[in-house]
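Participant: One structure follows; several queries about it will come next.
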Amino acid sequence: MKFGIMVNEGPYTHQATDSAYQFAKATLEKGHQIYRVFFYHDGVNNATRLTEPPQDDRNVVARWSKLAEEHGIDLVVCVAAALRRGICDENLAPGFRISGLGQLVEAGIQADRLVVFGD
Amino acid sequence: MNETTGGIEDDEGSGIVKKFMFVNRKAPYGTIYALEGLEVVLISAAFDQDVSMAFLDDGVYQLVKGQHTKALAVKNFSPTYRALEGYDIEKLYVERESLEMRGLNADDLLVPVEVLSSAAMGDLMKTQDVVIGF
């Protein structure tokens, strides 16, 4: 099955992105595909390469980047939501790209299921 | 990038028409969910999908007439709901229980809506292909 994933909350404050990541991993392990992961609202904060969590904590941003690198997952950050929150090409983590909301609607159309992680 | 469709070329996603329901559960101000949610709804109109909106819980306040936000120093975006008709987004569903719990009825709202019981709303959600909650 082809999944779309939407992440609506930022890292560390909220579990949404952790759950989304674990869901994405499980999806791939079961042999399904991920059409796209779309980051919206404070979820765009998952895409900053400036994050530096303590050594003994998970690195939420790097984890997404690694998933993108290993599995060719399309990680898309909403441009309007990103600019509001100071996320731009200059501080974008590897594997993410900035684009428009149409990418979310398209994921809803193309994927068999769109799974939303948020508040 | 195509401004209207937010980075998607017009020929992509062609032919497929899905039922999209955008579920609004939060008050219009206090958090950004309602405002940014509405942006998604407007973009979706460019994709020729079967779009509807549902309003539940404090989300019913998004549609209440007479919003004044000057003292909050945030934009009053409630006129946008009136503009939805121009985007062919005319299916607006409001949960009766949420209205009643807040002492509201359909006359208090900015736009014509269909008021549904919680159970009917649930049945309607079951028929959707894509449900996105804000």
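The values are calculated or read from the model by the stated rules, or taken from the named source; none is laboratory data. This one's a predicted model, so the numbers in the text were calculated from it and none came from an experiment. Only protein heavy atoms, including side chains, enter the accessible area calculation; ligands, DNA and RNA are left aside. Shrake-Rupley method; radii C 1.70, N 1.55, O 1.52, S 1.80 Å.
Participant: Relative contact order, percent, of the stretch A:2-117 when contacts are C-alpha pairs under 8 Å separated by at least 6 residues?
Facilitator: Numbers: 216 pairs, mean separation 41.7, N = 116.
Contact order relative to length: 36 percent.
Participant: If you don't mind, another one. According to the Kirkwood expression over distinct Cα-Cα pairs, how big is the hydrodynamic radius of chain B, in Å? Don't skip to the answer; put the middle values down first.
Facilitator: Values: mean 1/r = 0.0644 Å⁻¹.
It works out to 15.5 Å.
Participant: In the stretch B:19-133, carbon and sulfur make up what percent of the accessible area (probe 1.4 Å)? Let's see the in-between values first.
Facilitator: Working: 2870 of 5580 Å².
Ligands and nucleic acids excluded, carbon and sulfur reach 52 percent.
Participant: Which residue, A:Gly95, A:Gly43, A:Gly72, has the most motion in a Gaussian network model of chain A that connects Cα atoms within less than 10 Å?
Facilitator: A:Gly72
Participant: For the interface of chains B and A, what total accessible area is buried with a 1.4 Å probe, rounded to the nearest 100 Å²?
Facilitator: On the way: alone 7830 and 6350 Å², together 12170 Å².
What B and A bury together is about 2000 Å².
Participant: Please determine, in degrees from 0 to 90 and to the nearest 10, the orientation of helix B:33-44 with respect to the longest principal axis defined by the Cα atoms of chain B, where the helix direction is its Cα long axis.
Facilitator: 30
Participant: Where does chain A land on Rg(C-alpha)/(2.2 N^0.38 Å)? List each step's numbers first, then the result.
Facilitator: On the way: Rg = 13.0 Å, N = 119, 2.2 N^0.38 = 13.5 Å.
After normalising by residue count via 2.2 N^0.38 Å, the value is 0.96.
Participant: Sum -39500 (n - 2.57) across every DSSP H segment of at least 4 residues in chain B, then divide by the residue count to get the 222 nm mean residue ellipticity, nearest 500.
Facilitator: Only helices count here, giving -6500 deg cm²/dmol.
Participant: Also, quick follow-up: Order the following by accessible area, largest value first: B:Leu124, B:Leu109. Probe radius 1.4 Å; ligands, DNA and RNA are ignored.
Facilitator: Details: B:Leu124 40, B:Leu109 10 Å².
I get B:Leu124, B:Leu109, largest accessible area first.
Participant: Could I ask something else about it? From the phi angles alone, apply the Karplus equation (6.51, -1.76, 1.60; θ = phi - 60°) to the stretch A:50-56 and give each ³J(HN,Hα) in whole Hz, x where the residue is Gly or Pro.
Facilitator: Per-residue couplings from phi come out as 7, 5, 9, x, x, 3, 8 Hz.
Participant: Next up: Quick one: work out the % antiparallel among DSSP beta bridges in the stretch A:2-117, nearest 5. Write down the numbers at each step before the final one.
Facilitator: On the way: 1 of 19 bridges.
Around 5 percent antiparallel, to the nearest 5.
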